[in-house]
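Notes to accompany the following structure.
The values are calculated or read from the model by the stated rules, or taken from the named source; none is laboratory data. Keep in mind that what you see is a predicted model, and the values were worked out from it rather than measured. Glycine also receives a Cβ, built like all others from the backbone with ideal geometry; neighbour counts cover every protein chain displayed. Note: areas computed on protein heavy atoms with side chains; ligands, DNA, RNA excluded. Shrake-Rupley method; radii C 1.70, N 1.55, O 1.52, S 1.80 Å.
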Amino acid sequence: MGAAALSIRDSAAADRARGQYLVEALGACDNCHTPRGSGGYDYAARFSGGSQTFSGNGYAVRGSNISPDKETGVGGWSDEALGAAIVAGVGRDGQLAPVMPSDSYRALTKDDLDAIISFLRAAAPVRTQPAQPPQRHGEWAPHPLPGAEAPFDDAALSNKIKRGLYVASIARCLSCHSGEKDDAPDHVSRLGAGGKIFRTPGGVAVASNISAHQEKGLGAWSSEEIARAITQGVSRNGDPLKPPMSTLAKAHFAKMSTEDLDALVAYLRTIPPKE
Ligand code: HEC
Ligand code: HEC
């Protein structure tokens with residue numbers, strides 16, 4: 001094989017590795033698209049659809065089969081159609097319910113979106129029962145994180161704070177940790193203020209204030225304490241955090257690179273203090 005062919009193969013492998021990182025450490029796609037067994041994700045059926053049904057104002061949907069099965073998954077979709085679903089929430093029959101966090105993925109650089117698509121395409125096709133038609137009525141206004149409404153370019157990622165914003169967007173930190181107005185995150189006046197309530201089989205949890213407020217937020221935490229909460233799911237005093245944070249921390253954010261984690265912590269410190 002010639003050097004050119006080899007380097008194409010190397011770059012395809014590098015793409016898939018980057019895609020795997022984005023899917024696992026930041027995007028947490030398995031969280032909604034891979035079924036769970038008693039021991040966690042059922043990786044033998046990876047990306048074949050999530051176990052939980054999400055109901056909200058105007059919809060009742062399940063994370064779809066995004067494995068490459070041609071009939072019951074997305075194997076027959078073009079790259080353009082997959083990209084539009086991921087970053088613009090365009091589904092096969094209209095706008096996807098807002099549970100699919102496309103708003104958070106709008107920031108993806110072109111290369112990163114391509115990398116995610118090539119990683120998904122390399123997964124094993126899993127055939128499932130055809131999904132129930134999704135129930136959706138209405139339209140949902142987008143709520144991207146300010147500054148992350150459009151694709152980033154590679155240059156932005158070498159700026160530490162911008163890189164941290166990129167990581168926070170794709171990892172959906174502020175979609176959960178901002179105060180809500182009309183059932184949607186209020187990224188303007190309640191950015192990072194916390195207060196959203198989560199009911200999971202593990203109990204009820206209230207999203208914490210992660211703004212830079214000295215008493216109510218993370219203002220007085222050391223960077224190591226913040227990084228530990230994100231990657232190990234423990235609070236400042238070492239107490240375990242509840243799901244969904246603990247699950248995301250252990251199954252996903254624990255895989256974050258040091259560079260991304262440092263950038264994320266630096267960005268969090270720029271979130272103006274909220275009561
Ligand atoms: C918080 C849950 C959640 C996360 C995280 C999530 N998704 Fe989704 N996704 C959904 C739901 C629910 C749907 C179906 C929405 C509907 O039918 O209206 C969906 C739909 C999709 C679709 C359209 C498929 C189809 O058949 O219509 C694609 C493609 C997709 N997601 C890819 C991804 C990728 C890639 C990631 C990670 C980068 C991801 N999703 C993360 C919940 C999620
Ligand atoms: C699906 C929603 C969700 C996502 C996504 C999420 N969190 Fe959380 N997070 C929570 C909840 C709920 C809690 C409170 C857990 C508890 O009370 O035990 C929490 C707790 C925390 C804490 C501990 C605060 C304290 O006072 O103990 C930190 C720090 C934190 N999250 C940061 C982040 C960061 C940074 C991200 C993105 C990388 C993130 N979270 C993503 C829901 C989420």
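Brief remarks follow.
- Taking segment 30-149 and the helices (runs of 4 or more DSSP H) fully enclosed by it, the elements with 2 or more residues that are within 16 Å of ligand 2 (Cβ to nearest atom) and either at pLDDT 95 or above or under 26 Å from His187 (Cα atoms) (or both) are at 30-33, 102-105.
- Qualifying residue in segment 164-174 (condition: open to solvent by 40 Å² or more (accessible area, probe 1.4 Å) and under 19 Å from the mean Cα position of the chain (by Cα)): yes
- Scanning segment 176-186 for residues that are more than 16 Å from ligand 1 (Cβ to nearest atom), open to solvent by 60 Å² or more (accessible area, probe 1.4 Å) and either of a type in the set (A, V, I, L, M, F, W, C) or in a loop (DSSP other than H, G, I, E, B) (or both) turns up just one, Asp182.
- For segment 4-36, the set of residues classified as open to solvent by 40 Å² or more (accessible area, probe 1.4 Å) and either within 22 Å of the chain's Cα centre (by Cα) or within 9 Å of ligand 1 (Cβ to nearest atom) (or both) consists of Ala14, Asp15, Arg16, Ala17, Arg18, Gln20, Tyr21, Arg36, listed by residue number.
Conditions (1) within 12 Å of ligand 2 (Cβ to nearest atom); (2) touching a Leu at 6+ places or on another chain (Cβ under 8 Å); (3) not in a helix (DSSP H, G or I), marked per residue:
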{"position": "Leu157", "(1), (2), (3)": "no, no, no"}
{"position": "Arg163", "(1), (2), (3)": "no, yes, no"}
{"position": "Leu174", "(1), (2), (3)": "yes, yes, no"}
{"position": "Val188", "(1), (2), (3)": "no, no, yes"}
{"position": "Leu191", "(1), (2), (3)": "no, yes, yes"}
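- Figure legend. Inter-residue proximity from segment 226-251: first residues over 12 Å from Ser208 (Cα atoms), second residues within 16 Å of ligand 1 (Cβ to nearest atom) and of a type in the set (Lys, Arg), beta-carbon distance below 8 Å, spacing 6+ or different chains. Indicated pairs: Gln232/Lys250; Gly233/Lys250.
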